[in-house]
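Written below as structure tokens is the structure these notes are about.
Only the coordinates and a few stated rules stand behind these numbers; no lab work does. Just so it is clear, the structure is predicted and the values come from calculations on it, not from any experiment. Using ideal geometry, Cβ is built from the backbone for each residue, glycine included, and neighbour counts are taken over all protein chains shown.
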Amino acid sequence: MEKNFKILVVDDEEALREILEEILVDMGYEVVTAEDGYVALNEIKKNNDIDIVLTDIKMPRMDGLELVKNIKAESSAIIPIMMTGYIDSDILVSVLRAGAYDFIPKPFDAQAVKMILERSVKKRRMVLENKKLMKKLKKANSKLKEQRRKLEKKVWIGDKILEKKYKELKYINDTMEKINTTMDYRKTIHFILSVVQKLIGSNRASIMLLTEDKKRLKVVDMIGRSMIKEEIEIGEGVAGWVAEKNKMLYIKDTEKADPEIKKMLKRNRYEAKSFVSLPLNTVKRGLIGVLNVTSNSSEKVITEDEVDILKIFSQQAAAGIETSLTYQELQEHYLHTIKALSNAIEAKDEYTRGHAERVTELSVKLAEEIGYEKEEIRTLKFGGILHDIGK
């Protein structure tokens with residue numbers, strides 16, 4: 001018999017308690033005793049390892065039926081068994097209604113007591129096992145609820161991220177229409193930088209374009225105080241490295257950067273908390289420049305998500321810059337063509353030679369003084385050169 005099962009014997013007759021205690025100890029049980037219901041309840045509260053309660057029905061102060069009701073209210077795991085010398089149908093009904101598991105008739109039959117206790121031990125073991133399983137189940141349910149809560153939070157965060165990404169991509173898509181319809185490349189570049197500032201929230205950004213010989217990079221426009229020279233060699237500094245390798249350079253935290261990167265930053269006096277420099281490539285021209293975005297504030301770190309957005313936007317921005325550069329080149333070719341035509345016509349008369357250029361130069365100066373827009377001045381140039389053709 002398992003020694004860890006403890007039985008509480010409750011009877012107002014001391015002799016009966018002692019006899020029953022001796023029988024139970026011989027069977028291998030651990031036994032404690034109480035003379036009435038009140039003492040028994042205190043014993044149960046004091047010892048939370050009581051497995052089975054054997055209680056007489058008729059006792060002073062608190063009888064066995066009341067004790068069993070209190071036991072069931074305190075702990076559903078304890079197995080209560082009634083003892084009585086008066087067995088009739090009314091008593092049996094009262095015993096069962098009170099919540100007793102079984103009853104032992106007096107006088108005691110050791111074999112009957114043994115059988116009833118063995119059944120009670122099995123019942124107690126099942127109750128305890130069920131209690132353990134319920135505890136595990138409750139813990140598992142609690143864990144599942146927590147995992148579900150975390151999952152729901154992740155889904156909610158994921159939805160918010162997707163919503164943010166959608167808005168960013170829609171904003172990029174909407175801005176591309178303006179970028180592609182702005183033919184002045186300087187205006188295009190300035191608008192691109194303003195979009196970058198809105199997307200990333202950085203107060204420092206610049207765009208550098210390759211010079212005609214493709215050996216240097218030159219700053220075309222910037223937002224915020226620039227830490228980059230106006231013009232650098234390919235391979236020089238961060239932007240020069242990006243142009244030479246035609247590869248993005250992203251450092252989330254310069255204090256944790258590779259030693260070689262730190263040396264390069266120190267050598268070029270490049271002060272930033274985090275930065276990203278992206279090559280600007282087009283299908284027709286290849287590399288045309290570099291987009292630089294920096295942050296020198298510990299409160300604003302350029303994140304991986306922001307870099308992903310910049311990668312997408314930089315491709316579109318490069319295409320927009322190429323379009324405006326191509327338009328400018330076409331305008332220059334057109335201007336040279338009509339100048340050549342005008343000069344050829346004026347060359348026939350020495351008195352009119354250079355007249356169109358002088359008119360154009362004077363008109364442009366007046367227009368600039370008045371405050372004409374660049375596009376209007378460009379149109380005025382064409383008009384000045386062409387004004388005598390056809391006379």
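Miscellaneous remarks
- Here's how it looks for Thr33: its modeled amide H is under 5 Å from those of Val9, which are all 5 or more places away or on a different chain.
- Here the calculated FRET efficiency for Thr337 and Trp156, from their Cβ-Cβ distance with R0 = 41 Å, stands at 0.10, rounded to the nearest 0.05.
- Nearest-20 debye value, region 6-135 charge dipole, Cβ charges on Lys, Arg, Asp, Glu: 940 debye
- Stretching Lys170 away from Arg148 to a fully extended chain increases their span by 4.7 nm, per 0.36 nm per residue minus the current alpha-carbon distance.
- Sorted peptide list for 232-240, 154-162, 250-258, criterion being average Cβ within 10 angstrom, highest first: 232-240, 250-258, 154-162
- Close amide H pairs (under 5 Å, H built 1.01 Å from N) link Thr282 with Leu287, Ile288, residues at least 5 positions away or on another chain.
- In terms of its C-alpha gyration tensor, region 6-135 has a rounded overall shape, because the principal axis ratio a/c (a ≥ b ≥ c, square roots of the eigenvalues) stays below 1.5.
- Set against the 2.2 N^0.38 Å expectation for a compact globular protein, region 183-319 has a Cα radius of gyration ratio of 0.96.
- Cα-based reach from Lys266 at 20 Å (exclusive), listing aspartates and glutamates while leaving out same-chain residues under 8 positions away: Glu230, Glu231, Glu233, Glu236, Glu244, Asp253, Glu255, Asp258
- Cα centroid of region 140-174 to Cα centroid of region 262-298, whole Å: 32 Å
- When each of Lys262/Lys300; Lys273/Lys374; Lys247/Lys300; Lys167/Lys374 is checked by Cα-Cα distance, pairs over 28 Å: Lys273/Lys374; Lys167/Lys374
- 3J(HN,Hα) along region 141-152, derived from phi through the Karplus expression 6.51 cos²θ - 1.76 cosθ + 1.60 where θ = phi - 60°, amounts to 5, 4, 5, 5, 4, 5, 5, 5, 4, 5, 5, 4 Hz, with x in place of Gly and Pro.
- Compared with the alpha-carbon gap, the fully stretched path from Lys266 to Asn4 is longer by 86.9 nm at 0.36 nm per residue.
- Cβ-Cβ distance of Glu357 and Arg285, R₀ of 30 Å, FRET efficiency by 1/(1 + (r/R0)^6): the value works out to about 0.40.
- Gain upon complete extension [Leu128, Asn141; 0.36 nm per residue less C-alpha separation]: 2.7 nm
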